[in-house]
Amino acid sequence: MTAATPGWRTLVLKKPVVSWALYDFGNSAFATSVLVGFFPLFFNDYWSVDASGAETTARLMTTNGIASLLLALSAPLLGAIADRGGWRKRLLTVFAVLGAAATAWLFFVPQGAWMQAAIVFAVASIGFAAANIFYDSMLVDVTSEQRFDRVSAFGFSAGYIGGGLLFAVHLVMILQPGWFGLPDLATAVRVAFLTVAVWWLLFTTPLLAFVHVHRPPERLSVGAAMSQGFSQLAGTFRQVRKLRPAMYFLIAYWLYIDGVNTVMKVAIDFGYKIGVGPQELMIALLVVQFVSFPAALAFGALGERIGPKKGILIGLAIYVAVTSWAAFMTSVVEFFTMACLIGVAQGGVQSLSRSLFARLIPPDKPAEFFGFYNMIGKFAAVLGPFFVAFAAAQTGNARSAVAAILPLLIAGAAILVLAPDPD
């Protein structure tokens, strides 16, 4: 093994890398316990208790779509301002606190108040996703280009472990609320939202203490950074168009990450609608977390061997197979098998996409370009949930809704194949 590609032991001894990865360890609890896990079920059974299954799916996907749209419109500007003012770490802190505070507020939303729950959830989702713009951009601060694939995968794998550990506690909490001094399942889920907020903030502190971001030679004031951030956006659009590998990648990413994110968001709701019990759904999500941990590490090593593009295509092939199969799924065993396959693919697609894009951008504008990266992902996440919501509302059938995801995965993979490799 060469010095350019150190082993995992050498990698994890790097304090900035570990501190950076611990943020993912912490904030992934929101993705696991709230975004994918408890919120969709609680939204169905507690906050939308009188609505039909198709109606709650439409509400849930519309909420996700609106939150994604708001972030997509602001992400590039946030990135440009952060780069010009040298505020990437500060803005990560602001949005992490916003997201954690909104997550904690879900504890106080009363039963039946689906609109309030949707708004608070949207704010939490925006905080989570906006903070990730600056977290993703710090990949270039904690390691060298030769190690992007492995370090990016290490971050995702830490997230799967962190999210999975807290989710395992939550699973015990909702199965046996009395062990925790809680009166019932509903209270246990509400308390879980509070613990996610604390967990998220706790594991943000190492990044703030030990990750040192590269700052511009001249740090601007707030007003100057905002002014130059606005004017810089047009220049960045032109620069992306000239960087053909980056432009092709972003088009492909726009399509395929839409499918990937929508599968993650709709999976629990889909399983619920085809008859998988709530406890089995939670166990399936836990299985995904612990399957994803070694899979993400394996994809990181695979990306170093065959290149991140080929690794992404392997992951997308798994997604296409799973999405095609979902339309015919009838049993709990099939659902668990699907969950394991998603666990194998999702970390690889996400981590290698991040590391591939990091190779394609100017090194002095990471937050700005990762703002575009996240903008593309969020605009894509607008389409997928709305497609699923429309299909669910029109057909009243969760299986028909899943079919709307498949063309996005295939089209994204096709464009990625045609994309030129970086110089």
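The values are calculated or read from the model by the stated rules, or taken from the named source; none is laboratory data. These numbers come from a predicted model, not from an experiment. Counting neighbours? That spans all protein chains shown, and the Cβs are built from the backbone with ideal geometry, glycine included. Protein only, heavy atoms only, side chains kept; ligands, DNA and RNA dropped before computing areas. Shrake-Rupley method; radii C 1.70, N 1.55, O 1.52, S 1.80 Å.
Summary table
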| read-out | value |
| --- | --- |
| Stretch gain in nm, segment L73-A186, where the contour uses 0.36 nm per residue and the Cα spacing is subtracted | 37.2 nm |
| Potential lengthening between W179 and S324 on full extension [0.36 nm per residue; Cα-Cα distance subtracted] | 48.1 nm |
| Largest-first ordering by accessible area, 1.4 Å probe, given options L208, L297, L409 | L208, L297, L409 |
| Length gained when the stretch V49-Q116 is fully extended (0.36 nm per residue, less Cα-Cα span) | 22.7 nm |
| Using a Förster distance of 45 Å, the FRET efficiency for I314-V172 (Cβ separation, nearest 0.05) | 0.80 |
| Using a Förster distance of 25 Å, the FRET efficiency for A414-A298 (Cβ separation, nearest 0.05) | 0.50 |
| Reference-scaled alpha-carbon Rg (2.2 N^0.38 Å with N residues) for region 274-336 | 1.36 |
